[in-house]
Structures are given as structure tokens and as C-alpha cells.
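The values are calculated or read from the model by the stated rules, or taken from the named source; none is laboratory data. Because the structure is a prediction, the values reported are computed rather than measured. Heads up, the Cβs are rebuilt from the backbone with ideal geometry, glycines too, and the neighbour counts pull from every protein chain shown. Ligands, DNA and RNA are stripped out before the accessible areas are found, and what is left, the full protein with its side chains, is counted by its heavy atoms. Shrake-Rupley method; radii C 1.70, N 1.55, O 1.52, S 1.80 Å.
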Amino acid sequence: MLFHSLASRDNREQPIFTTRAHVFQIDPNTKKNWVPASKQAVTVSYFYDVTRNSYRIISVDGAKVIINSTITPNMTFTKTSQKFGQWADSRANTVFGLGFSSEQQLTKFAEKFLEVKEAARLARDKSQEKIETSSNHSQASSINGTDDEKASHAGPADTHLKSENDKLKIALTQSAANVKKWEVELQTLRESNARLTAALQESAASAEQWKRQFSVCRDENDRLRHKIDELEEQCSEINREKEKNTQLKRRIEELESELQEKETELKDLRKQSEIIPQLMSECEYVSEKLEAAERDNQNLEDKVRSLKTDIEESKYRQRHLKVELKNFLEVLDGKIDDLHDFRRGLSKLGTDN
């Protein structure tokens, strides 16, 4: 019905400025989030009503009227970003938002809004002057009519003056009613402006809080990166320990091989001592050599035990470093998940804005 009404006014309303933009309306429930009124960019035009001497912003998406806002001197168009602007319409009880493809289009629309607003103010002032002139004329006619009645007491002229006086009284009453209506509209606009100001302040506080959280997360991220560097250095030390352990294992194998050779030599010497009992001197020499070999064997065993102890300590340190690295990686995964959640929150805030 509203679309047909707008179409029927084409004769008296003419577009004075046209552009294209994405249309949004404020969520009536939260009064914070924007709800898209069009799926794509649509035509948005300023119209001038010659009969009523008024200006309107009208946008139609197909057969649906998504903007029908009459411009009043109390309205204000606000640029909230480089490509987005908004204004409040108390009659429609909503806030309209327009997203443009360039900053130049937004600037032209805002400049046209100021021009139309000023024209609406001039039209209102002119209308008030006409009402005041009619009111003064009505009062003068009423006084003159009373004097004529005292002078002539009757006649066709008196009847005509009474009729004119009644018409002027009716016009004065309507003018007073219009003044009250404008006062109510002004109060409504003030309340809407107060709500918008509170919403803007709350949005600014929320943005500041997000900035603080982002700074904290960035510091935490830097600290975690430093910790990762330290762990990588520790991993390098672990690799060096592994190389050292490999060298120790090879040395142990060499010592075990030498030990086996010594044991074999010891067995041979014992056999010789059993087979040739007459060679006591040689036997004593062999015994001394055997004792020396046993001492060497004992030293080698001590070295082997010491090396095994070093290997066990190295394994323990390696297990301890692995456990610490695993715990840190678990903490790091949690922090990375928190950062992902925070990034999605920022993306959502950017989309809402």
C-alpha cells in the first residue's frame, strides 16, 4: 500500500539527488546491532514534495519500501566510518544506516543531507511566519468586528465578519495543535538522540576494552614466543646430549671388547699356569700380569659403571625435558585457541560495525 502511495505522488514529488548504497536499520530489540534491510546495494534518493514543501529520503527494493524518512531540521546525519553513515527518524522509531562503496559517495550524501535539512528549516520558519500572520489578522478582525457590532448592531457585513472570525479562530487552534505536535516531536528526537549517544558511548567503551584485551594477548604471545625459543635451545641441548650418549655407547662397546680380550687373555694365562707347573717364575710373572689385568679390569668396570651412571642421568634429564616440553605445548595450544577465539570476536565486532 505504501509503495502505491509513493507511486501516486510522482507528479508532485521529484528526485533531487540519487545514489546507491547498502541499507541497514538498527535492531529494535538491542538498539545496538545493525540489521540489513537490503541484500545488495539499492537506489537511495532525496525527493522534494512541492505541495507540502517537504523533503524525504526514499529507497525501494523491488516492491518493498525500505526507507521513507521525512527530513526535519532536528535530524542529524553522522559519519561513523569512511564509508558508513546514519541518522535517526523518530517518526519511524528507528535508525537508518547506509553503507557506500566509496568515501566520496558518503561525503556527497552527507552534504546533500545538510542542504535538505537547511531547506526544511527555512520551510518550517516560513510556515510559522504565515501562521503568526494569520493569527494576528484573526485577532484584528475579531476586535474590528466587535466595534462594528457596537456601532451598527446588525447587518450582512457583521455576519460575514463573524464567519471570517470563526475561520481564523479555527486556524489559530490548529496552529496551536501543530505547535504542540512539534514540541512532542522535538522531545522524541531528544530522547532518541540521548539513546544514540548512550549506545555510542557503550560501543566506544567496548572497543576500548577489546583494545586492552588485544594488548594483553599480544604481550602474552610475545612471552610465549620467547619461551618457545628457550625450549628450542633446550631441544638443541638434548640433541647434543644424544650425540654425547651415542659416543659414550661406542666407548662402552670398545671397553667391553677390550674386557673380553683381557678375559680371554686371562683364561689363556690360567691354562698355561696349569699346564706348565714347573715354570714357577713364569707363573709368578703370569700371576702379576694377571693381577695387573684384574686391576685394569676393575678400573674398566668402574669406568663402565660410571659411564652407565652418566647414561642414566642423561636419560633422566631427557625424560624430564620431554615432560616439560609436552606441558608447555599443551599450554601453548590453549593460548593459541584463546587467540583464535579473540580473533573471531574482533572479526564479529568489525562486521557489526
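From the list 257, 287, which residue is open to solvent by less than 90 Å² (accessible area, probe 1.4 Å), more than 30 Å from residue 341 (Cβ to Cβ), at pLDDT 85 or above and hydroxyl-bearing (Ser, Thr, Tyr)?
After ruling out the rest, the residue left standing is 257.
If residue 309 satisfies every condition in (1) at pLDDT 85 or above; (2) polar (S, T, N, Q); (3) over 60 Å from the mean Cα position of the chain (by Cα) but one, which is the exception?
(3)
Kindly indicate whether residue 333 is surrounded by 12 or more Cβ atoms within 10 Å (Cβ to Cβ), modelled with pLDDT of 85 or more and acidic (Asp, Glu).
For residue 333, the condition - surrounded by 12 or more Cβ atoms within 10 Å (Cβ to Cβ), modelled with pLDDT of 85 or more and acidic (Asp, Glu) - is not met.
Would a scan of segment 298-307 turn up a residue that is within 30 Å of residue 99 (Cβ to Cβ), part of a helix (DSSP H, G or I) and small (Gly, Ala, Ser)? Explain how you work it out, then say what you get.
The initial filter retains those residues of segment 298-307 that are within 30 Å of residue 99 (Cβ to Cβ), namely none.
Looking through segment 298-307, none of the residues is within 30 Å of residue 99 (Cβ to Cβ), part of a helix (DSSP H, G or I) and small (Gly, Ala, Ser).
Which of the residues belonging to segment 30-72 are at pLDDT 90 or above, under 19 Å from residue 125 (Cβ atoms) and surrounded by fewer than 19 Cβ atoms within 10 Å (Cβ to Cβ)?
Within segment 30-72, just 70 meets the criteria.
Answer yes or no as to whether residue 336 is out of contact with any Gly (no Cβ under 7 Å at 6 or more places or on another chain), aliphatic (A, V, I, L, M), under 30 Å from residue 250 (Cβ atoms) and assigned to a helix (DSSP H, G or I).
Details: out of contact with any Gly (no Cβ under 7 Å at 6 or more places or on another chain): yes; aliphatic (A, V, I, L, M): yes; under 30 Å from residue 250 (Cβ atoms): no; assigned to a helix (DSSP H, G or I): yes.
It is false that residue 336 is out of contact with any Gly (no Cβ under 7 Å at 6 or more places or on another chain), aliphatic (A, V, I, L, M), under 30 Å from residue 250 (Cβ atoms) and assigned to a helix (DSSP H, G or I).
Specify the residue that is most open to solvent (accessible area, probe 1.4 Å); the eligible residues are those in segment 214-252 that are closer than 17 Å to residue 319 by Cβ and of a type in the set (S, T, N, Q).
Among those residues, the one meeting the criterion is 239.
Take residue 281 and decide whether it is in a helix (DSSP H, G or I) and open to solvent by 80 Å² or more (accessible area, probe 1.4 Å). Show your work before the answer.
Numbers: in a helix (DSSP H, G or I): yes; open to solvent by 80 Å² or more (accessible area, probe 1.4 Å): yes.
Judged against the criteria, residue 281 is a match.
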